[in-house]
Each structure stands twice: as C-alpha cells, then as structure tokens.
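The values are calculated or read from the model by the stated rules, or taken from the named source; none is laboratory data. Remember, predicted model here, so these are calculated numbers, not experimental data. Here the Cβ positions follow ideal geometry from the backbone for every residue, glycine too, while neighbour counts run over all protein chains shown. Side chains included, ligands, DNA and RNA excluded: accessible areas come from the protein's heavy atoms. Shrake-Rupley method; radii C 1.70, N 1.55, O 1.52, S 1.80 Å.
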Amino acid sequence: MITETIPMWTSQRTLVSLRDVLQLFPPNNWRWTVEDFDGVFGFPTDITRAQFQEMVAAGAVAFDWNGIQQFADGVDQMIDGRIVATDENDTAVVQLDAFDSTEYEIVIDPAWSGAAALVSAVRSGLVPHRRTP
C-alpha cells in the first residue's frame, strides 16, 4: 500500500476540504463507505447528527461516485473520520482518513491504475483548494 498525507490547512490558512481531496480522483465505479465521521456537515439534512452517527456505525452510509461528491459538498469540515473506497470485487482501493483537523492520510492500493498519478499530484502539491472570499 502507498500512503500519502495532505495537510488540512494551506499555508494561507485556507481549509482543504473533503471535496478538494476527492477532486484528485477520476470518476470511478467504486463504493465509497463512510466508516467513521466527525465533522461539521449539512448533508443529509433530513436526519439528525445522532441518526447519521448511528447509520455510520451500522455501515449504512455508502455512496457511488456522484453520491460521495454530493456528501463532500455538504461537509464544511471533516475533523476525524475514515472513508473507504472498494472496487467491484469488494477490494479496498483507497482509504481516506482525517486526523484531528490537521491532515488527511490517503492509503492507496498500488495495483490501482491511477495510483501513480494520484501520488504525483499529492507530492507536487496539486491538491485543489477553496479560496477564501
């Protein structure tokens, strides 16, 4: 496995959001499962935070590519958590962890054809991020 880290804050003190990190990945057909989550979010709006945490604990928060992007759009800040992407064989391709609002850690299966490009983007500092208004 390949492990890369991305600081959650830029040198300009702007947040690198979950959505920003997901932009490093090409569209895919993986299943993205939220295994742990603590953060500030506005998605989904039809359930309480406690209900969402119960769903996460039960393994019931999983998305396709469009769904994980929509979820990330509703996350203002991921404080701690883990999201795992699995392929059609239920093999973990990517594991994304957030640690105490300080960094993201991405663990990548080197067999994934896009692994080298993702590593290159992270190491080159090409992580897109929101600009403060």
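The table that follows gives values for the structure above.
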read-out	value
Residue, nearest to F71 (Cα to Cα), within region 10-48, restricted to residues that are touching an Asp or Glu at 6+ places or on another chain (Cβ under 9 Å), at pLDDT 90 or above and surrounded by fewer than 16 Cβ atoms within 10 Å (Cβ to Cβ)	D36
Test result for A58, modelled with pLDDT of 90 or more, open to solvent by 20 Å² or more (accessible area, probe 1.4 Å) and small (G, A, S)	no
Pairs where the first residue, in region 13-25, is at positive phi and the second is of a type in the set (K, R), C-beta under 8 Å, 6+ apart	none
Unique residue being more than 13 Å from the chain's Cα centre (by Cα) and more than 22 Å from R123 (Cβ to Cβ) when the list is Q12, Q69, Q53	Q53
Selection within region 88-99 - surrounded by 15 or more Cβ atoms within 10 Å (Cβ to Cβ) and over 11 Å from I6 (Cα atoms)	A92, V93, V94, Q95
Counted residues, region 103-113 - those being open to solvent by less than 40 Å² (accessible area, probe 1.4 Å) and assigned to a strand (DSSP E or B)	4
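So that you can scan it fast, the table gives a plain yes or no per residue for (1) open to solvent by less than 20 Å² (accessible area, probe 1.4 Å); (2) farther than 17 Å from S17 by Cβ; (3) of a type in the set (K, R); (4) modelled with pLDDT of 90 or more:
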residue	(1), (2), (3), (4)
E54	no, yes, no, no
Q69	no, no, no, yes
G81	yes, no, no, yes
S101	no, no, no, no
V119	yes, yes, no, no
V122	yes, no, no, no
